[in-house]
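Read through the structure below, which is laid out as structure tokens, and then see the notes.
The values are calculated or read from the model by the stated rules, or taken from the named source; none is laboratory data. Given the structure is predicted, the values throughout are model-derived calculations rather than measurements. Note: ideal-geometry Cβ built from the backbone for every residue, glycine included; neighbour counts use all protein chains shown. Areas reflect the complete protein model, heavy atoms only, side chains present, ligands, DNA and RNA absent. Shrake-Rupley method; radii C 1.70, N 1.55, O 1.52, S 1.80 Å.
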Amino acid sequence: MPSLDDILENVGEFGRFQKQTFFILCLLSAAFTPVYVGVVFFGFIPEHRCVSPGVAELSQRCGWSLEEQLNHTVPEWGSHGAGFGSRCRRDAGGLNATGVRRYEVDWNATGVSCTDPLGSLGGNWSTVPLGSCQDGWVYDSPGTSLVTEFNLVCEDSWKLDLFQSSVNAGFLIGSINIGYIADRFGRKFCLLSTILANAVCGILLAFVPTYLWIVILRFLQGLVSKGCWTAGYILVTEVVGPTYRRMVGILYQMAFSVGLLVFDAVAYAIPQWRWLQLTVPLPSCFFLLYYWCLPESPRWLMSQGKNDKAMKIVSDIAKKNRKQMPSHLEDIKFEEEDSGKQSPSFLDLVRTPQMRKNTFILMYNWFTSSVLYQGLIMHMGLAAGNMYLDFLYSALVEFPAAFIIITTIDRVGRRYPWAAANLVAGAACLVTALVPEDIHWLKVIAACIGRMGITMAFEMVCFVNTELYPTYIRNLGVVVCSSLCDVGGVIVPFIVYRLVEVWQDLPLVVFTVLGLIAGGLVLLLPETKGRVLPETVEDVENFHGRSAAKAKKIYLHVQTSEV
């Protein structure tokens, strides 16, 4: 009996209909970028220092340049290149307190020397007492951010962490619930509802006046945005034939990389965070037009027993692709052995041995990919640099990773390149940790190889995840497993920023262990190269067998005109 993949081979696996669907969903993928990595620009921390009353007037009287003013009036200004942390610690009476350091002197006093102001006040840089910042901060930046508007530095710096944690918490909670909605009510309904919610939350973020409401809206945006991206990924892989499935999956993720480049350019042109926040969700408003452009997944309709609607979409695909539907496929119906539609259940992910093994291995690989992907960016970002250029470089490295996948995956399959990518990423992290600091260029090359390897692993876990679950639970399986990605996103800042206090490269050793284990576990998964998507749990359990591609729970019965 023919399967849906067999029908797509006749009406077009990646014709005009699928290309149109793919293009408009890629726009959705690119628009997800500001939600996922927006904190880089929305919450950037510029060079900052205490406001010291009287310093501006003294500088004007003495005719100092800005650099001279800073050297004379800001403690240890020359050492600030080491990082911001030194400005948030002071010693007073043997107690450690928190606050940007400033000299506890009266700059408005008469007789302050222009050549040695501290000396004329009865001290020097080592003897003048240091105090906390009580009169506000000065930020050396032409733009604005959450940090500059709400003074999220030193004792309030944790609030910036909470800003990013809130969206990851939204990812974690929302993706599971929205995944269930997509499997229960359809991919199209899920997409449109989450697009609307994401646009509303994004626009409101640009106008709310308080930090508390910003965090609340950021959490709500996380609730819907990742589930929306995942539902789009599922839909685009379900409407194409098996020959093009892996390609559109990789290119859908590459659209996210294109979004990184566009977002970087927009952020450079709009350095004020509220205007930037207002700009980036506007395309989502136009995505509501997808109601007339996007089809529902025929695979999902098939799994829900909506036979007529499924065949209507198949006919539309044939018409749009300018293909003639074969006469023996024009009138088909679907019969289900257990009668009625199949409803997704969390227990289905772990009820049988192969499903259970797939689920746990995929969960670990999602977790590892997130920790290494974000952790390498954070670790390389410990060194100060041009924010926009650093972001550009980190985005560009994702394109060769996608190119390697596209050119090799059909030759050797999914499993071995995926395992190799994890192993290379782990090994590169170890090399980066062991290379001496004086050979900086080699450390950078090793770190870039690690970043490329984990980018490949991240892209592959996404589309292989869809190939290892049956249709009726595919979206739920992806969002449940990918929820470990969000858990990794919550944990990785602690791995990086706490362990570097012990040893600068200790996080890389942790990444090495995680990556090597992930590569080994991938080898335990079945190969999905050339296989049709499984329709039932039985298909998954038989995936290792030769007949797995032919096993079906749902049969397509052909009614020819002769019958």
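Results, tabulated for the structure shown:
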read-out: Scope segment 432-448; condition more than 14 Å from His379 (Cβ to Cβ) and β-branched (Val, Ile, Thr); matching residues; value: Ile439, Ile445
read-out: Inter-residue pairs, beta-carbon under 6 Å, first outside the structural domain of Tyr180 (by the TED database) and modelled with pLDDT under 80 and in segment 465-483, second among the polar types (S, T, N, Q) and open to solvent by 10 Å² or more (accessible area, probe 1.4 Å), 6+ apart; value: Tyr472/Gln342
read-out: Counted residues, segment 376-426 - those being over 18 Å from Cys462 (Cβ atoms) and either among the small types (Gly, Ala, Ser) or not in a helix (DSSP H, G or I) (or both); value: 8
read-out: Tabulated pairs, segment 515-538, first within 9 Å of Asn422 (Cβ to Cβ) and outside the structural domain of Glu13 (by the TED database), second open to solvent by less than 50 Å² (accessible area, probe 1.4 Å) and of a type in the set (Val, Ile, Thr), C-beta under 6 angstrom, 6+ apart or interchain; value: Ala518/Thr368; Leu521/Ile361
read-out: Complete set of residues in segment 253-290 that are within 25 Å of Glu398 (Cβ to Cβ) and hydroxyl-bearing (Ser, Thr, Tyr); value: Ser257, Tyr268, Thr279, Ser284
read-out: Subset of segment 208-236 [surrounded by fewer than 24 Cβ atoms within 10 Å (Cβ to Cβ), assigned to a helix (DSSP H, G or I) and either of a type in the set (Val, Ile, Thr) or without any contact (Cβ under 8 Å) to a residue 40 or more places away in the chain (or both)]; value: Leu212, Trp213, Ile214, Val215, Ile216, Leu217
read-out: Residue among Val258, Val262 that alone is under 16 Å from the mean Cα position of the chain (by Cα), surrounded by fewer than 18 Cβ atoms within 10 Å (Cβ to Cβ) and not assigned by the TED database to the domain that holds Cys485; value: Val262
read-out: Qualifying position, being over 15 Å from Asn358 (Cα atoms), among the aromatic types (Phe, Trp, Tyr) and open to solvent by less than 10 Å² (accessible area, probe 1.4 Å), among Phe543, Phe511; value: Phe511
read-out: Verdict on Ala395 being crowded, with 20+ Cβ neighbours inside 10 Å and closer than 22 Å to Val248 by Cβ; value: yes
read-out: Residues of segment 302-318 that turn out to be modelled with pLDDT of 85 or more and open to solvent by 10 Å² or more (accessible area, probe 1.4 Å), as a count; value: 5
read-out: Count - residues of segment 418-464 that are polar (S, T, N, Q) and modelled with pLDDT under 85; value: 0
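Residues are listed down the side, and each one gets a yes or a no for (1) closer than 25 Å to Ala395 by Cβ; (2) open to solvent by less than 20 Å² (accessible area, probe 1.4 Å); (3) touching a Lys or Arg at 6+ places or on another chain (Cβ under 8 Å):
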position	(1), (2), (3)
Asp5	no, yes, no
Gly15	no, yes, yes
Gln20	no, no, yes
Ala30	yes, no, no
Pro34	yes, yes, no
Val39	yes, no, no
Phe42	yes, yes, no
